[in-house]
Amino acid sequence: MEKIALGGGCHWCTEAVFRSLRGVDKVEQGFVASTGSHSTFSEAIIVHFKPESITLKDLVEIHLHTHKSTSYHSMRDKYRSAVYSFSQQQHRDVIGLLKLLQKDFSAPLITQVLPFVSFKPSEARFQNYYISNPEKPFCKAYIAPKLQLLLSQFRTLVTSID
């Protein structure tokens, strides 16, 4: 089992996307901090995955396509576009993947590769938010379209959409 942390806007959205994938054993939703100017906590998830079932490349590619990885958010510190690495090798691998996947985007990727430092889980009432609240306006407006995009572009990697 390996893990990677991903920040891509609202963690309710990223949690719903990544918990739908084969090879993903667990998704922890909360806030991640890195180092230096990125030491403030930002909404993110930690994805625990089986690399024999889903690759790091698959996860990074899905991450880039299911959030605004090429445009800055007005609250970018809170909604940082990032991949948080757990080792130096993973850090180098993700940098290589971003270079490789840039060709799929018409604008430069703003997603940062940062070292993982710490994690604070979200409150229990916000865990698995989409599963508990699919009819809420936020879920219909923001999460459901991401899940549809996931199905249309990455169907072979999806186990179920809750």
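The set of residues from region 25-52 being over 17 Å from PHE119 (Cβ atoms) and either basic (Lys, Arg) or in contact (Cβ under 8 Å) with a residue 60 or more places away in the chain (or both) comprises just one member, LYS50. Evaluate the following for HIS38: is it farther than 29 Å from PRO137 by Cα, in contact with a Leu (Cβ under 9 Å, 6 or more places away or on another chain) and crowded, with 19+ Cβ neighbours inside 10 Å? Taking the combined requirement at face value, the residue satisfies it.
Please work out if VAL17 is among the β-branched types (Val, Ile, Thr), touching a helix residue (DSSP H, G or I) at 6+ places or on another chain (Cβ under 8 Å), within 14 Å of VAL113 (Cα to Cα) and not in a strand (DSSP E or B). So VAL17 does not fit the description; no. The residues of region 116-135 that are basic (Lys, Arg) and either within 17 Å of the chain's Cα centre (by Cα) or surrounded by 14 or more Cβ atoms within 10 Å (Cβ to Cβ) (or both) amount to a single one, LYS120.
Annotation for region 53-73: no member residue is assigned to a strand (DSSP E or B), in contact (Cβ under 8 Å) with a residue 12 or more places away in the chain and surrounded by fewer than 19 Cβ atoms within 10 Å (Cβ to Cβ). One residue alone among ALA16, ALA44 is crowded, with 21+ Cβ neighbours inside 10 Å, closer than 18 Å to TYR129 by Cα, small (Gly, Ala, Ser) and touching a Cys at 6+ places or on another chain (Cβ under 9 Å), and that residue is ALA16.
Bear in mind that the values in this text are calculations on the coordinates, not laboratory data. On a predicted model such as this, the values are computed, not experimentally measured, just so you know. Because the Cβ atoms are built from the backbone with ideal geometry, glycine has one as well, and the counts that use them run over all protein chains shown.
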